[in-house]
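Working notes for the structure below.
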Amino acid sequence: MLGGVAGTLVGSAAVQDNAGTPANVTTASKLYGPAGGAAGTGGISTQAASLFKDGETLSVNGKTITFKAAAVPAAAALTTGQSLTSTNTVSDASGNSTIYLGDPAQTQSAASVGDLLAAVDVASGAQTVTAINATTKVATLAGTGSSIAAGVISVKSSTGADLSISGKADVLSALKLTASVGTGITTVGAARSTASTTLGSTIQDGSTLNINGKTVTFKNQASTDVNAIATGSGKPSGAHYTTDGNGNSTVFLQDATAADLLAAVDLATGTQKATIASGVATVTTPAGNTASSITAGALKISTGTDSDLSITGTGNALAALGLNGTTGTDVSFNASRAAGTGGVSGKTLSFTSFNGGTAVDVTFGDGKNGTVKSLNQLNDKLSANNLTATVDANGLLTIAASNDVASSTLGSVTSGGTLGGTLKDTLTFTNPKDPVADATAQATRANLVNQFNGILTQINTTAQDASFNARR
């Protein structure tokens, strides 16, 4: 797995009521209650009534939790992607939530501690929305969420990212998650542990790899999240990543494996290809390509055949995967393609002047810096030397004289065009063949000549019979 083990942020002491007595706080306890309320009935603290008010916010792992003094909206009013992740909490597809406190004139909040913890868990990724009821908009949550035991709040991180909660110190103090007080912003959190199955160290949420111009993004999310597949992307069956079919992928840190990471890399290099249909990606490895793997605990990344391998990264992705060099300071990882059996990259094909043409040296490569990678580019190089190239259905390359010099023998003493270069020693070329008259073509040509001569005869006869009459 690429993810780690969830960490826990524990309140420093049991939450107390306004009298300073330990309160019997449960997930059902209200976020604020009546002044002077008895222990166990006043919610978190009566002083919290001034804290959890309309417009107050908390930030959890970059997601926003907003407190709103209003009744929770009806299911029909929720938009696409929104769901009720608890009785008084509405969350969107990105993990942001609104906690509805109820009528501000009420002396007790409609929202409870359970509503707040659900919002925190959805924002942190500790709990995942795996389904949304189409009618009620009630979400089904999976994962081990935050809890309360003996009046002490334990807030969980996810397995894909450390937990970070930021807000006014007084708000976090009301939850007994900090000893700080005041209206200034403070941050508390819990680090997740690195599991033995991680690749060196835990990859940070939001880190990226840029591979040959394609992007692999690491995201603190589970692949089972109903909002995990973006429009236009697809998820292979059983995989824990999505791809857009163009080489860009998202790897979900909460449940991804090393195989998911390597597949995303191979899609970026072109070693593997993906087609998308109805949110499902079908991934194949074209013939001749070798998928990346892990050998003796080390990544073995295929460069692909499209181009040399070039990887840069953001966050700690390069370091986590051991791609930042022996000193740990490299900002990129590069590897050149190696020519396979019968490969022609970097090899040269040369011909001396053929029938007065220009001698030519052709270097095969990526089509840059004068190299050729396509049949059209090869023919452009050969044309100045009265040569042409074709490739048949079996991949057989044929070099022949162009039509204007079709009666000449390639490589002969008279015509020139002797074959040379490093490719001559790599591939097997047959000896040039002397031109052979095509009987059908010759007959067609003779017929056309006869037709032409006949037309000339008719023109001459017409000219001889013509006369000119004129009057004075």
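The values are calculated or read from the model by the stated rules, or taken from the named source; none is laboratory data. Everything numeric in this text was worked out from a predicted model, so none of it was measured. Cβ sites come from the backbone with ideal geometry, for glycine too, and all protein chains shown count toward neighbours.
Every listed requirement among (1) of a type in the set (A, V, I, L, M); (2) under 17 Å from THR257 (Cβ atoms); (3) without any contact (Cβ under 8 Å) to a residue 24 or more places away in the chain is met by ALA222 save one, (3). Somewhere in segment 260-269, is a residue out of contact with any Cys (no Cβ under 7 Å at 6 or more places or on another chain), surrounded by 24 or more Cβ atoms within 10 Å (Cβ to Cβ), of a type in the set (Ser, Thr, Tyr) and closer than 25 Å to ALA335 by Cα? Looking through segment 260-269, at least one residue is out of contact with any Cys (no Cβ under 7 Å at 6 or more places or on another chain), surrounded by 24 or more Cβ atoms within 10 Å (Cβ to Cβ), of a type in the set (Ser, Thr, Tyr) and closer than 25 Å to ALA335 by Cα. SER310 meets the stated requirement of being at pLDDT below 95 and outside any loop (DSSP other than H, G, I, E, B). When LYS214, LYS219, LYS300, LYS235 are checked against the criterion of being over 16 Å from the mean Cα position of the chain (by Cα) and of a type in the set (Lys, Arg), a single residue qualifies: LYS300.
Against the conditions (1) modelled with pLDDT of 85 or more; (2) exposed (fewer than 12 other Cβ atoms within 10 Å of the Cβ); (3) more than 16 Å from ASP434 (Cα to Cα), THR414 satisfies every one except (3).
Within segment 74-95, the set of residues being outside any loop (DSSP other than H, G, I, E, B), in contact with a helix residue (DSSP H, G or I) (Cβ under 8 Å, 6 or more places away or on another chain) and not hydrophobic (A, V, I, L, M, F, W, C) comprises THR85, SER86, THR89, SER91.
Counting the residues of segment 115-160 that are more than 12 Å from SER86 (Cβ to Cβ), assigned to a strand (DSSP E or B) and touching a residue at least 12 places away in the same chain (Cβ under 8 Å) gives 12. Here the condition is being in contact (Cβ under 8 Å) with a residue 60 or more places away in the chain, in the same structural domain as VAL280 (by TED's automatic domain parsing) and not aliphatic (A, V, I, L, M); of ASP255, ASP244, it holds for ASP255 alone.
Each row is one residue, and each column tells you yes or no for (1) without any contact (Cβ under 8 Å) to a residue 12 or more places away in the chain; (2) within 19 Å of LEU262 (Cα to Cα); (3) not hydrophobic (A, V, I, L, M, F, W, C).
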| site | (1), (2), (3) |
| --- | --- |
| ASN324 | yes, yes, yes |
| THR329 | yes, no, yes |
| VAL344 | no, no, no |
| THR363 | no, no, yes |
| ASN369 | yes, no, yes |
| LEU387 | no, no, no |
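Criterion applied to VAL129, VAL90, VAL138, VAL122 was being within 26 Å of ASN220 (Cβ to Cβ), among the hydrophobic types (A, V, I, L, M, F, W, C), surrounded by 14 or more Cβ atoms within 10 Å (Cβ to Cβ) and touching a Gly at 6+ places or on another chain (Cβ under 8 Å), and the one residue passing it is VAL122. Quick check: is even one residue across segment 56-73 over 26 Å from ALA190 (Cα atoms), of a type in the set (Val, Ile, Thr) and either part of a strand (DSSP E or B) or in contact (Cβ under 8 Å) with a residue 12 or more places away in the chain (or both)? Yes, because at least one residue in segment 56-73 is over 26 Å from ALA190 (Cα atoms), of a type in the set (Val, Ile, Thr) and either part of a strand (DSSP E or B) or in contact (Cβ under 8 Å) with a residue 12 or more places away in the chain (or both). For segment 202-257, the tally of residues that are assigned to a loop (DSSP other than H, G, I, E, B) and among the aliphatic types (A, V, I, L, M) stands at 9. Screening LEU423 with (1) aliphatic (A, V, I, L, M); (2) crowded, with 17+ Cβ neighbours inside 10 Å; (3) at pLDDT 90 or above gives one miss only, at (3).
Matching residues to (1) in a loop (DSSP other than H, G, I, E, B); (2) more than 41 Å from the chain's Cα centre (by Cα):
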position: LEU382; (1), (2): no, no
position: THR388; (1), (2): no, yes
position: GLY395; (1), (2): yes, no
position: THR398; (1), (2): no, no
position: THR414; (1), (2): yes, yes
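Put simply, of VAL171, VAL181 the only residue that is surrounded by fewer than 20 Cβ atoms within 10 Å (Cβ to Cβ), aliphatic (A, V, I, L, M) and not in a strand (DSSP E or B) is VAL181.
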